[in-house]
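Q: Take a look at this one; I'll ask things after.
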Amino acid sequence: MEFEFNSVYIEVVKDDITKSKLDCIVNAANTSLLGGGGVDGAIHRAGGKEIVTECIKIRERQGGCPVGEAVITTAGKLDAKFVIHTVGPVWNNGLRNEEEKLKNCYLNSLNLANQYHIASIAFPNISTGIYKFPKKKAAEIAVSSVREIIEGNNSSVRRIQFVCFDDENYHIYLKTIKGLD
Ligand code: AR6
């Protein structure tokens, strides 16, 4: 399903994000940037060693990546040109500013994409796996954050994909995005 909003295409797809042919894919990483399970493990496996080599350099420079922030590396062997690694919050009953931190993941990833003149970007459903953020709330935050950037009207990003892996997220995103109409 695809929507056009302020000349930016927003799509919801059900897929494995490592297969994406867009310019940039976003990784739901952890603060160590050294890889892990879920989509992080899949991206590092498919992209090869080049990605972790750049992550290690970033660690040496700035000591990992704080929750809500984002860093960029090569995409190694993937079709994408870049991987933006962002660190979602672990859900803790909403008591630790998780909603704002998740919003920052989307805003900071899109700002970084703009700095690199990236035209198309694919997001996974950050924090909704191992980090257990409630899926509906996470989708609402993802869609509203993206909308905020698009309304700002000065980003290089012209196509944004929400890549859902599980049926539940896919249906939640379809419903949430229809609210944009
Ligand atoms: N393509 C697209 N989405 C995927 C894929 C894939 N190949 N694999 C999983 N997902 P998670 P988190 C979905 O757990 O909750 C890692 O160990 C998955 O269904 O990958 O942010 C990191 O190193 C879910 O909807 O990330 C961190 O320690 C979404 O991606 C921690 O997990 C996010 O699930 C981050 O946890």
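Bear in mind these aren't lab numbers, they're just calculated from the coordinates by the rules spelled out. Just so it is clear, the model here is predicted, and its values are computed rather than measured. Here the Cβ is made from the backbone with ideal geometry for all residues, glycine too, and neighbour counts use every protein chain on show.
Q: So is residue 35 outside any strand (DSSP E or B), farther than 29 Å from residue 137 by Cβ and small (Gly, Ala, Ser) or not? So that I can check it myself, show each step before the final result.
A: On the way: outside any strand (DSSP E or B): yes; farther than 29 Å from residue 137 by Cβ: no; small (Gly, Ala, Ser): yes.
Taking the combined requirement at face value, the residue does not satisfy it.
Q: Pull up the stretch 133-170, narrow it to residues that are of a type in the set (Ser, Thr, Tyr) and within 22 Å of residue 90 (Cβ to Cβ), then point me to the one that is nearest to the ligand (Cβ to nearest atom). Steps first, answer last, please.
A: Step one: list which residues in the stretch 133-170 are of a type in the set (Ser, Thr, Tyr), which gives 144-145, 155-156, 170.
Pick out the ones that are also within 22 Å of residue 90 (Cβ to Cβ) and you get 144-145.
On the way: 144: 18, 145: 15 Å.
Within the stretch 133-170, the match that is nearest to the ligand (Cβ to nearest atom) is 145.
Q: Let me ask another. Within the stretch 84-103, track down each residue that is in a helix (DSSP H, G or I) and either crowded, with 24+ Cβ neighbours inside 10 Å or touching a residue at least 40 places away in the same chain (Cβ under 8 Å) (or both). It would help to see each step written out before you state the result.
A: From the stretch 84-103, those in a helix (DSSP H, G or I) are 98-103; that's our starting set.
Across the stretch 84-103, the qualifying residues are 98, 99, 102, 103.
Q: Looking at 173, 116, 106, which is the one that is closer than 21 Å to residue 33 by Cα, touching a strand residue (DSSP E or B) at 6+ places or on another chain (Cβ under 9 Å) and within 15 Å of the ligand (Cβ to nearest atom)? Steps first, please.
A: Working: 173 fails: closer than 21 Å to residue 33 by Cα; 116 fails: within 15 Å of the ligand (Cβ to nearest atom).
Matching residue, one of 173, 116, 106: 106.
Q: Scan the stretch 109-147 for residues that are assigned to a strand (DSSP E or B) and either in contact with a Ser or Thr (Cβ under 8 Å, 6 or more places away or on another chain) or more than 21 Å from residue 40 (Cα to Cα) (or both) and report the count.
A: Of the stretch 109-147, the ones assigned to a strand (DSSP E or B) are 120-123.
The next check asks that each one be either in contact with a Ser or Thr (Cβ under 8 Å, 6 or more places away or on another chain) or more than 21 Å from residue 40 (Cα to Cα) (or both); those that pass are 121-123.
Selection size over the stretch 109-147: 3.
So that you can scan it fast, the table gives a plain yes or no per residue for (1) assigned to a strand (DSSP E or B); (2) free of Cβ contacts under 8 Å to residues at least 40 places away in the same chain:
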{"site": "11", "(1), (2)": "yes, no"}
{"site": "21", "(1), (2)": "no, no"}
{"site": "50", "(1), (2)": "no, yes"}
{"site": "53", "(1), (2)": "no, yes"}
{"site": "65", "(1), (2)": "no, yes"}
